[in-house]
2 protein chains.
Amino acid sequence: MSSYSVEEITAEELARITPVAEGLAGQVRALVDATVRTEVDADAVAEAREHIAAATEILRRRQLDGAFGVRFSEAAGKRNWGNAVCGVRNPIAPPLEMSYDGEKLTGTAHMGAAYEGPAGLVHGGMIAAMLDQALGSAAESAGAPGMTGTLTIRYRQGTRLGPITVSAWLDRVEGVKSFAKGTVSTADGVTVEAEGVFILPRWARGEVREAMIRAVGEG
Amino acid sequence: MSSYSVEEITAEELARITPVAEGLAGQVRALVDATVRTEVDADAVAEAREHIAAATEILRRRQLDGAFGVRFSEAAGKRNWGNAVCGVRNPIAPPLEMSYDGEKLTGTAHMGAAYEGPAGLVHGGMIAAMLDQALGSAAESAGAPGMTGTLTIRYRQGTRLGPITVSAWLDRVEGVKSFAKGTVSTADGVTVEAEGVFILPRWARGEVREAMIRAVGEG
């Protein structure tokens with residue numbers, strides 16, 4: 001079972017393992033794209049599957065019992081490498097790359113063929129996923145972290161597959177509730193708007209909250 | 001550029017290519033899971049990457065210019081195999097497997113380590129993605145298809161990684177707007193509730209709508 005944990009990791013260890021994780025996830029992302037778009041015949045697919053099975057067998061020689069979890073440390077801050085939206089070692093994540101300037105969070109991602117919903121457009125649910133993460137991270141970056149309580153998404157126009165920019169900011173805090181807002185934009189302008197309420201879970205108001213604050217800062 | 005299209009495909013051709021696509025996507029899904037959970041060292045990762053690169057090269061020998069798109073035919077009905085949530089050839093999709101009993105849509109999926117958000121829990125955004133698809137498909141199955149206009153999600157409790165069930169139904173139709181509702185459940189009970197408004201795009205009210213109706217039925 002994965003969990004929140006405080007880990008011991010040095011800056012050197014982190015510098016060593018980060019490119020390995022990023023490189024592997026990036027290569028699997030390319031395979032995912034190739035899988036969605038391939039038109040090769042069944043014999044070629046069988047040949048490819050042998051390689052995929054071999055790679056899987058190698059990676060499974062030693063593995064976590066469950067998911068990656070969320071780990072906190074001085075060196076790495078918050079390490080959620082398995083995260084489905086922004087995890088650097090998760091091939092499902094585009095990944096959404098986020099930065100925070102003290103007021104606004106900006107995220108960028110390339111949403112390719114694997115993120116399709118309506119023909120040629122990013123799946124509305126995958127847009128929702130990017131916004132959920134960005135709004136939650138904006139609240140966290142502003143010192144008011146929480147799990148999603150409510151998420152409301154308004155789709156103004158279709159979001160074409162390709163590069164997207166996500167903007168998100170903390171609007172206000174009321175007790176354990178953080179209210180965040182955000183948008184998704186492409187070359188077509190703003191395509192989607194969102195509002196979210198993020199709630200700090202009861203179990204995260206003690207020790208884990210202390211570790212989170214130490215790791216990610218008060219904002 | 002992917003698009004909506006009417007394809008010529010026979011039942012025999014469909015029966016031949018479906019298991020090939022499902023088998024490949026399933027094997028890449030296993031690799032994605034192994035990538036998120038692996039603890040092997042950098043040398044083993046390098047070895048695995050060689051196999052992944054070889055598989056990618058094989059699949060890329062002949063490929064679609066863009067995404068898969070959405071294809072309609074007599075034999076296959078609607079074929080959205082590249083869909084990020086339910087596409088049978090998309091490794092990012094869990095996939096959500098859906099059936100409709102004439103009133104309610106029921107979807108099931110296994111959300112493993114690659115769908116993590118909070119530690120040990122399904123990413124709120126990935127939950128939103130499953131609901132967006134299920135609500136939209138419920139509206140479509142009831143004869144009132146559309147693209148997502150608004151999606152509102154209420155997270156009642158965390159959704160543990162593992163098997164989930166999604167229920168969705170069309171609540172009402174007002175002109176080109178379809179209102180759908182739904183839930184996500186696990187062994188813990190209902191974890192998430194959602195409402196969505198789906199709008200039939202202007203361009204889909206003519207020829208494509210006719211093809212969609214022929215393929216998926218009036219409901």
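The values are calculated or read from the model by the stated rules, or taken from the named source; none is laboratory data. Computed from a predicted model, the values in this text were never measured in an experiment. Note that we place each Cβ from the backbone using ideal geometry, even for glycine, and neighbour counts take in every protein chain shown.
For this structure, a couple of remarks:
- Matching entry among A:Ala93, A:Ala46, A:Ala30, A:Ala21 (being at the interface with another protein chain (Cβ under 8 Å from one of its Cβ atoms), of a type outside the set (Val, Ile, Thr) and closer than 30 Å to B:Gly82 by Cα): A:Ala30
- Selection of the range B:70-108 for residues being among the aliphatic types (A, V, I, L, M) and surrounded by 22 or more Cβ atoms within 10 Å (Cβ to Cβ) yields B:Val70, B:Ala84, B:Val85, B:Ile92, B:Ala93, B:Leu96, B:Leu105.
Residues are listed down the side, and each one gets a yes or a no for (1) buried (at least 18 other Cβ atoms within 10 Å of the Cβ); (2) modelled with pLDDT under 95; (3) under 30 Å from B:Ser73 (Cα atoms):
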site: B:Thr18; (1), (2), (3): no, no, yes
site: B:Ala21; (1), (2), (3): yes, no, yes
site: B:Gln27; (1), (2), (3): yes, no, yes
site: B:Leu31; (1), (2), (3): yes, no, no
site: B:Ala42; (1), (2), (3): no, no, no
site: B:Val45; (1), (2), (3): yes, no, no
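- Which numbered condition B:Thr152 misses (of (1) surrounded by fewer than 20 Cβ atoms within 10 Å (Cβ to Cβ); (2) within 29 Å of A:Ala34 (Cα to Cα); (3) within 12 Å of another protein chain (Cβ to nearest Cβ); (4) not acidic (Asp, Glu)): (2)
- Which numbered condition A:Ala113 misses (of (1) surrounded by 14 or more Cβ atoms within 10 Å (Cβ to Cβ); (2) of a type in the set (Gly, Ala, Ser); (3) at pLDDT below 95): (3)
- Hey, B:Thr38 at pLDDT 95 or above, among the hydroxyl-bearing types (Ser, Thr, Tyr) and farther than 26 Å from A:Val122 by Cα or not: yes
- Scoring A:Gln133 on the criteria (1) out of contact with any Cys (no Cβ under 9 Å at 6 or more places or on another chain); (2) at the interface with another protein chain (Cβ under 7 Å from one of its Cβ atoms); (3) within 16 Å of B:Ala129 (Cβ to Cβ) leaves a single failure, condition (1).
- Count of the range B:129-169 residues which are outside any strand (DSSP E or B) and aliphatic (A, V, I, L, M): 10
- Check on A:Gly143, at pLDDT below 95 and touching an Asp or Glu at 6+ places or on another chain (Cβ under 6 Å): yes
- Residues satisfying the criterion are absent from the range B:132-148 (criterion: of a type in the set (A, V, I, L, M), in contact with a helix residue (DSSP H, G or I) (Cβ under 6 Å, 6 or more places away or on another chain) and surrounded by 17 or more Cβ atoms within 10 Å (Cβ to Cβ)).
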